[in-house]
Amino acid sequence: MGWLAAFNSRHPWSHNDHFHGWLLRHLPDRRGRALDVGCGRGDLVAALASRFEHVDGVDVDESMTKVAAQRFAGQSAISIRRMPFEEVCGSFDLITMVAVLHHLDLASALTHTQELLNPGGRLLVIGLPKIIGAPDLIGDLPSVVLNPIIGLMKHPKSADLNQPPPFPVVEPTMSYTEIKVVSCQLLPGAKLHRRLFFRYTLEWTKN
């Protein structure tokens, strides 16, 4: 399938931005303070800012946080900081992670999330699982078919393959099944679902 990977690389599109709509449809009722972990250049932060009293964005990438900080300069309701998730302190009504959780130790990250969320606060994750075995491959077949079609529609001009990716890339190490087992153990009542375009969603509300 090397030819398909090469085609997708020439016609890239943001799978993560595709799921922003899902995130915004699953916000908690109380909307005081939100935290976007792995905020990148701040696209999701901008979307959350009109819905929460304050939004914090954190990322470990210096260039990303610099761009985001400049983007929101002078906006007192938005804070951008460079730091690992493990160093975040405070209390939040929402924590979002888009293509970030596989960069972190799963159990430690979910435990820290529990500590940071207010009662009634919500965790929303768009995650990447590792593809292991026939069930995963079969589940991803629709995505394999649809991905190049959407890429050609959204990015018809062939991209420069010599350009580095705009954000750090790490391959996932845990399958969807493994992620679900750990998540449901640590976050009772967590809702996980496989999604198109090689993603899963996780939704959990703290009691």
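The values are calculated or read from the model by the stated rules, or taken from the named source; none is laboratory data. Just so you know, these numbers come straight off a predicted model, no measurement behind them. Note: ideal-geometry Cβ built from the backbone for every residue, glycine included; neighbour counts use all protein chains shown.
Scan region 57-103 for residues that are over 15 Å from GLY40 (Cα atoms) and out of contact with any Leu (no Cβ under 7 Å at 6 or more places or on another chain) and report the count.
So the count comes out to 9.
Given the structure, is ASP61 closer than 28 Å to HIS193 by Cβ and either at pLDDT below 95 or touching a strand residue (DSSP E or B) at 6+ places or on another chain (Cβ under 9 Å) (or both)? Walk me through how you get there before you give the answer.
On the way: closer than 28 Å to HIS193 by Cβ: no; either at pLDDT below 95 or touching a strand residue (DSSP E or B) at 6+ places or on another chain (Cβ under 9 Å) (or both): yes.
No.
Of the conditions (1) modelled with pLDDT of 95 or more; (2) outside any helix (DSSP H, G or I); (3) over 25 Å from ARG33 (Cβ atoms), VAL169 clears all except one; give me its number.
If we test VAL169 against (1) modelled with pLDDT of 95 or more; (2) outside any helix (DSSP H, G or I); (3) over 25 Å from ARG33 (Cβ atoms), just (1) comes out false.
Considering every residue within region 79-93, establish whether at least one is at pLDDT below 95, in a loop (DSSP other than H, G, I, E, B), in contact with a helix residue (DSSP H, G or I) (Cβ under 9 Å, 6 or more places away or on another chain) and surrounded by fewer than 19 Cβ atoms within 10 Å (Cβ to Cβ).
Looking through region 79-93, at least one residue is at pLDDT below 95, in a loop (DSSP other than H, G, I, E, B), in contact with a helix residue (DSSP H, G or I) (Cβ under 9 Å, 6 or more places away or on another chain) and surrounded by fewer than 19 Cβ atoms within 10 Å (Cβ to Cβ).
Could you please give the count of residues in region 191-207 that are free of Cβ contacts under 8 Å to residues at least 60 places away in the same chain and over 18 Å from HIS18 (Cα atoms)?
So the count comes out to 1.
Only one of ALA46, ALA73, ALA34 is surrounded by fewer than 20 Cβ atoms within 10 Å (Cβ to Cβ) and under 18 Å from the mean Cα position of the chain (by Cα); which?
Details: ALA73 fails: under 18 Å from the mean Cα position of the chain (by Cα); ALA34 fails: surrounded by fewer than 20 Cβ atoms within 10 Å (Cβ to Cβ).
One residue alone meets the criteria, ALA46.
Would region 104-114 turn up any residue that is over 14 Å from ASN207 (Cα atoms), in contact with a His (Cβ under 8 Å, 6 or more places away or on another chain) and acidic (Asp, Glu)?
Just the residues of region 104-114 that are over 14 Å from ASN207 (Cα atoms), to begin with: 104-112.
Then keep just the ones that are in contact with a His (Cβ under 8 Å, 6 or more places away or on another chain); that gives none.
No, that holds for no residue.
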